[in-house]
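Each remark here refers to the structure printed beneath this line.
The values are calculated or read from the model by the stated rules, or taken from the named source; none is laboratory data. Just so we're clear, the structure is a prediction, and the values are computed from it rather than from any experiment. Using ideal geometry, Cβ is built from the backbone for each residue, glycine included, and neighbour counts are taken over all protein chains shown. The accessibility values were calculated without ligands, DNA or RNA, using every heavy atom of the protein model including side chains. Shrake-Rupley method; radii C 1.70, N 1.55, O 1.52, S 1.80 Å.
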Amino acid sequence: MRNATQHLRTLIAASLLMTPLAALAGSGTVRVIANPSVKADAISAAELKSVFLEETSSLRDGSHVEPVLARSGSVHESFIREYLGKTDSDLQTYYRTLVFTGRGSMPREVSSDSEIAAYVARTRGTIGYVSPETSTEGVKTLAILGMESDGNRRLITRVEPVYPRELQSKHIGGTVRLRITIAPNGSVESTELLGGNPILGESATAAVKRWVYAAGPARTKTEIVVPFDPSR
Amino acid sequence: MHRVACWIFVFLCAGQSLLCGQDFKVLDRDVQIHGFASQGFVHTSDNNWLTMYTSHFGSGEFTEFGANASMQVTDQLRIGAQIYDRNLGGIGTWHPALDWAYAQYKWKPWLGIRAGRVKTVLGLYNDTQDLDFLHTFALLPQSLYPIDIRDTSIAHDGGDIFGSIPLGAKRGTLSYTAWAGNRDYSQYGGVAYLIRADGLNFNSVGGLQYGADLRWTTPLKGLLLGISRMNVDNTLNYSITEPGIGTLLLRSNDNSDWTNQYYGQYTWGKLLVDVEYRRSWDDAGQTGLSRFQEDSRGWYLAGSYQILKRVRVGSYYSHYFINFPLGGVEPAGTGHDYDKVVSGRVDINRYVNIKIEGHFMDGYGLPGATPNGFYYVNNPQGLRPNTNALVVKGGFNF
């Protein structure tokens, strides 16, 4: 009886999560793209933030970059919340402050993911973001490094998360985004759920806490993505 | 005025396509054109406020607009300029002014310079105090950002050195701006209005001003702390014309006036909380004849919350106190203005907004000594201790 009740609770929780799941999965799967003229293949989260807040217009390797944004949409909301730490309203106020005090320009804005991809493909030095489903022909995808510049510590031991059977049988999957703190000795000291299904998030957190990275001189933070594919 | 209000109404009703920033190219570089306009209406319970005659039927003599053009010449160099015009009762009176016009060169995120007419960074909002669409409130706290004397602190002709220095993930970011230059008060601002109201001729106020702002984006998410300092050496030139005698030129020199400002801002989701404190010391007069000192202090605590996607509500308490202990010219005394405010803002879309705001004021500052919203010339019947005000304002930007 107790097992049946627990099973029912899981199913109810899973069904309640079905509606926001798309948004949450999207929040964990924004793809950052760039025109092929951008030399870098990867960009740190801090550098990405500086580019979109117009604090810098060139990457460390010297590549000139200009941001292009969507006017609205769930991918746009996810990107600016997770990488810029702002709401759309905050971001508009920020850009208008730059424009009307003379300190910056209004960045290029377009209406959809496909327009971003098309604009980035034809315009040198541009950098934008799209959903993973968007065709990225003619652009390159940039890998996002950790939140800190030294956040790319090597993973030595990886423990795969347990996929909750109820969710897998209902084909409920997606990705979970976590921000983790790695201790100098390489153990995962703490985790913070940034996006994804909360039940999958619990499972991912339990696994990631058992991961071991290479030892480093100091504590570092990074962001990781843990996929849950119900078809596997 | 009515003609301008009609034009603004037409713009407000215009299609959204009109309200997008306009770009064109010069020498293969994008030039951006942006602008803004707003129209306000103010009604007060008793005293006339902000040089408008607000206490009977209210006043709509509260119009502002501006437009700018800017160009990113290279990755490091950008240039631009903005004109600004307003009519606020007897202030501004449709005389356009160069708001800012400068070149900015940024070598690195931690080092850049600006030269020309530059907006002065002082506290959270000095440089954006006239950009109504950036704020929840129709009127920023008047204890620190008095709208009638915006020209006394808004910009300087000179230069800035600025930059941001990351201190590491655990220490946040430190941003600095150091500036110096000359400032000329407007011929159509609150100071000129007050001097002319006293029957004197206002010629000019200007002089060297310099200062710095240091702000720390702390590692605690959403928390910003800062401090600003401004030093002033102004000279006021004015004259008295007596029939049959002629014109007597007079000069008043400030003597190392200063302003200190401390501030904090906390953002948590849809909540924004601001707190600022400013103290200004003013030592002015004619050496050997009469000198006087003003010690004014203001602070406010403001909070606003986005309750719907396009609706934000807010409230603040603004506290202004001026001490005028050595009155050689005006009667000595003290004055205050304590203002409790509730406000709501609706964004029709990204470009158009409407605000409605209630002010509940106790006091009127020291109108004979320094302008702060209330003027004897607009209140010949005498000032009453309390004033309630309704402010309605609509505007757009593109």
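Descriptive notes on the structure:
- With a cut-off of 10 Å between beta carbons, the residues surrounding B:Asn234 carry a summed charge of -4, where Lys and Arg count +1 and Asp and Glu -1.
- Candidate aspartates and glutamates for bridging to B:Lys25, where Cα separation is under 13 Å - those fewer than 8 sequence places away on the same chain excluded: none
- Solvent exposure, largest accessible area first (probe 1.4 Å, DNA, RNA and ligands not counted), of B:Lys119, A:Lys209: A:Lys209, B:Lys119
- Residue among B:Trp258, B:Ser304, B:Gln187 farthest towards the positive dipole end of chain B, charges placed on Cβ: B:Ser304
- Couplings for segment B:63-79, taken from phi via the Karplus curve 6.51 cos²θ - 1.76 cosθ + 1.60 with θ = phi - 60°, read 10, 9, 7, x, 8, 9, 10, 8, 9, 8, 6, 9, 4, 9, 10, 9, 10 Hz in order; Gly and Pro are left as x.
- Shown in residue order for segment B:300-315 are the 3J(HN,Hα) couplings computed by the Karplus curve 6.51 cos²θ - 1.76 cosθ + 1.60 at θ = phi - 60°: 8, 10, 10, x, 9, 9, 8, 7, 9, 4, 10, 10, 10, 10, x, 8 Hz (x for Gly and Pro).
- Accessible area ranking (1.4 Å probe, heavy atoms, ligands and nucleic acids excluded), largest first, for A:Leu193, B:Leu88: A:Leu193, B:Leu88.
- Spread of Cα-to-Cα distances over 5 Å intervals beginning at zero, given as percent, for segment B:169-227: 4, 15, 16, 11, 10, 10, 10, 10, 7, 5, 2, 1
- Relative contact order of chain B, pairs being alpha-carbon contacts under 8 Å that are 6 or more residues apart, as %: 15 percent
- Taking a sphere under 9 Å around the Cβ of A:Leu59 and counting the other residues whose Cβ falls inside, with K and R at +1 and D and E at -1, yields a net charge of 0.
- Given a 1.4 Å probe and the protein chains as shown, B:His56 ends up with an accessible area of around 150 Å².
- Stokes-Einstein D (µm²/s) once Rh is taken as the Kirkwood radius of segment A:84-187 over alpha-carbon pairs, at 10 °C in 1.306 mPa s: 87 µm²/s
- Applying 1/(1 + (r/R0)^6) with r as the Cβ-Cβ distance of A:Tyr119 and A:Ser89 and R0 = 25 angstrom yields a FRET efficiency of 0.55.
- Cα Rg, Dmax, the protein assembly as shown, angstrom units: 28.2, 108
- Estimated Rh, chain B: Kirkwood, alpha-carbon pairs, angstrom: 22.3 Å
- Rounded to 5, the percent of DSSP beta bridges in the protein assembly as shown classed as antiparallel: 95 percent
- Beyond 29 Å in Cα-Cα separation lie the following of the pairs A:Lys49/B:Lys106; A:Lys140/B:Lys119; A:Lys86/A:Lys170; A:Lys140/B:Lys270; A:Lys170/B:Lys270; A:Lys86/B:Lys393: A:Lys140/B:Lys119; A:Lys86/A:Lys170; A:Lys140/B:Lys270; A:Lys170/B:Lys270.
- For residues of A:91-100, the mean tally of beta carbons on other chains within 10 Å: 6
- Scattering from segment B:182-338 was approximated by placing one identical point on each alpha carbon and applying the Debye formula without solvent; log10 I(q)/I(0) at 0.10, 0.18 1/Å stands at -0.53, -1.18.
- Dividing the convex hull volume of the alpha carbon atoms of segment A:163-232 by its residue count gives 73 Å³ per residue.
- For A:Ser169, solvent-accessible area (1.4 Å; no DNA, RNA or ligand), Å²: 80 Å²
- Inter-centroid distance (Cα atoms) of segment B:21-58 relative to segment A:51-88, Å: 30 Å
- Accessible area, probe 1.4 Å, largest first, for residues B:Ile149, A:Ile182: B:Ile149, A:Ile182
- Most mobile of B:Pro96, B:Pro243, B:Pro371 in a GNM of chain B (Cα contacts under 10 Å): B:Pro243
- Beta bridges per DSSP with both ends in segment B:88-192, % antiparallel, nearest 5: 100 percent
- Under 11 Å, Cβ to Cβ, from A:Gly85 - net charge with Lys/Arg +1 and Asp/Glu -1: +2
- Once the Kirkwood radius over Cα pairs is known for segment A:32-110, the Stokes-Einstein relation at 10 °C and 1.306 mPa s delivers a diffusion coefficient of 120 µm²/s.
- When nucleic acids and ligands are ignored and a 1.4 Å probe is applied, B:His135 ends up with an accessible area of around 10 Å².
- Working note: Karplus 6.51/-1.76/1.60 with θ = phi - 60° gives segment A:178-185 the couplings 10, 9, 10, 10, 9, 6, x, 7 Hz, where Gly and Pro are set to x.
- The mean sequence separation of alpha-carbon pairs under 8 Å and at least six residues apart, normalised by the residue count of segment B:55-199, gives a relative contact order of 18 percent.
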